[in-house]
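The values are calculated or read from the model by the stated rules, or taken from the named source; none is laboratory data. Small disclaimer: the values here were computed from a predicted structure and weren't measured. A quick note on method: Cβ atoms are made from the backbone with ideal geometry, for glycine too, and the neighbour counts reach across all protein chains shown.
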């Protein structure tokens, strides 16, 4: 198993670190102030920020663009999962940074979905402008009235009517729907309630300006609205789209979901490691600058123990993420499903603990907006639910593990007890 990064990856990592130092870290306050100012002065926090839009062409000119999409002639910049991992981690240190490089969710997952499962017409109409960063997209899967952790519960109807499909239902936590540049939804819904359990669902492309599509409200995350990106509740009332907008055909929704969510999950985990690194850095800087009970906080034993544990946890999680990335590249997502499930549980839990320690290190400031750690905590906590909750992934891991020890016909797993 070879985790060595390619020379191209090493070169891009150096460029990306330089870009972050030059443009991203110095503009953290600029970004926050601009979002807040849009709300105060223009009454609309959802206006795209100037700072991000100004940085995009610079990132593109330096070759730091569309790095997430492997094996696509439309995005020759795309890297393997293994080579993308350290770059995605660096971007993940700042919540808004990935958009600067056109590597932010849900666009990355949506672009990969259209590239892998869309028609040539779909790619020309939607994928090309997404790759150029001209538009944004949204993913509509979760619903408020059912336990969406079991996707077979999804109740939104997609019904054929001649040369069109008619869509009715309500979605929420529709990532990206709050952005005024959002032009296309990928929606998962039910086309045939009588089909086998995992063949009832389909995915379909829905232009955002279609009649009957209504963004009801943005949803806050522990008080943060995540503007100008955000997550929204969206209603689809008698929404009509061409029948050609269906992806792969009726009943293929679960197949597409597995193809989409594998890369999406590992990208979340890569970014979570970057978030944890940032939280550890902030923790160390904070406690090394504060004095309590006659000596620096960084000299207190409990904090040295937490720093050591943080480093062990981050590096352990990173190794498992790299293993999953290597397997996705070499044997495919299906074979790597256990590793993908494991990192989806491990990485957010790991990051959450380190962010929590960082909040503690900042004292009262840690729960305020004066420092970055409170928002890091809120953002990261959602990852234990997004793209499948911890419980679902743990169940999948356990089933795979138990299958290794399933008895053959006539074979007993009871072992004789011997005494020495």
Name the one entry in 38, 17 that is over 30 Å from residue 178 (Cβ atoms), in contact (Cβ under 8 Å) with a residue 60 or more places away in the chain and assigned to a helix (DSSP H, G or I). 17
Every residue from the range 71-100 that is out of contact with any helix residue (DSSP H, G or I) (no Cβ under 7 Å at 6 or more places or on another chain) and in a loop (DSSP other than H, G, I, E, B): 71, 73, 76, 77, 78
All but one of (1) surrounded by fewer than 23 Cβ atoms within 10 Å (Cβ to Cβ); (2) modelled with pLDDT of 95 or more; (3) closer than 19 Å to residue 173 by Cβ hold for residue 252; which doesn't? (3)
Can you tell me which residue in the range 331-345 is surrounded by the fewest Cβ atoms within 10 Å (Cβ to Cβ), limited to those that are within 18 Å of residue 267 (Cβ to Cβ) and without any contact (Cβ under 8 Å) to a residue 40 or more places away in the chain? 332
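With the structure loaded, tell me whether residue 81 is over 25 Å from residue 373 (Cα atoms) and surrounded by fewer than 21 Cβ atoms within 10 Å (Cβ to Cβ) or whether it fails that test. Steps first, answer last, please.
Values: over 25 Å from residue 373 (Cα atoms): yes; surrounded by fewer than 21 Cβ atoms within 10 Å (Cβ to Cβ): no.
No, not satisfied.
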Residues satisfying the stated conditions in the range 291-314, i.e. free of Cβ contacts under 8 Å to residues at least 40 places away in the same chain and either within 22 Å of residue 79 (Cβ to Cβ) or touching a helix residue (DSSP H, G or I) at 6+ places or on another chain (Cβ under 6 Å) (or both): 298
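May I ask you to say which residue of 381, 394 is part of a helix (DSSP H, G or I), at pLDDT 95 or above, under 17 Å from the mean Cα position of the chain (by Cα) and under 26 Å from residue 318 (Cβ atoms)? Even if it seems obvious, please write down each step before you answer.
Numbers: 394 fails: under 17 Å from the mean Cα position of the chain (by Cα).
Testing whether each residue is part of a helix (DSSP H, G or I), at pLDDT 95 or above, under 17 Å from the mean Cα position of the chain (by Cα) and under 26 Å from residue 318 (Cβ atoms) leaves just 381.
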So, residue 28, is that one assigned to a helix (DSSP H, G or I), surrounded by 13 or more Cβ atoms within 10 Å (Cβ to Cβ) and within 24 Å of the chain's Cα centre (by Cα) or not? yes
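Would you say residue 103 is assigned to a helix (DSSP H, G or I), touching a residue at least 12 places away in the same chain (Cβ under 8 Å), surrounded by 21 or more Cβ atoms within 10 Å (Cβ to Cβ) and not assigned by TED's automatic domain parsing to the domain that holds residue 336?
no
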Among the candidates 261, 282, which residue alone is over 17 Å from the mean Cα position of the chain (by Cα), in the same structural domain as residue 360 (by TED's automatic domain parsing) and in a helix (DSSP H, G or I)? 282
When you check residue 312 against the structure, is it modelled with pLDDT of 95 or more and either assigned to a helix (DSSP H, G or I) or surrounded by fewer than 18 Cβ atoms within 10 Å (Cβ to Cβ) (or both), yes or no? yes
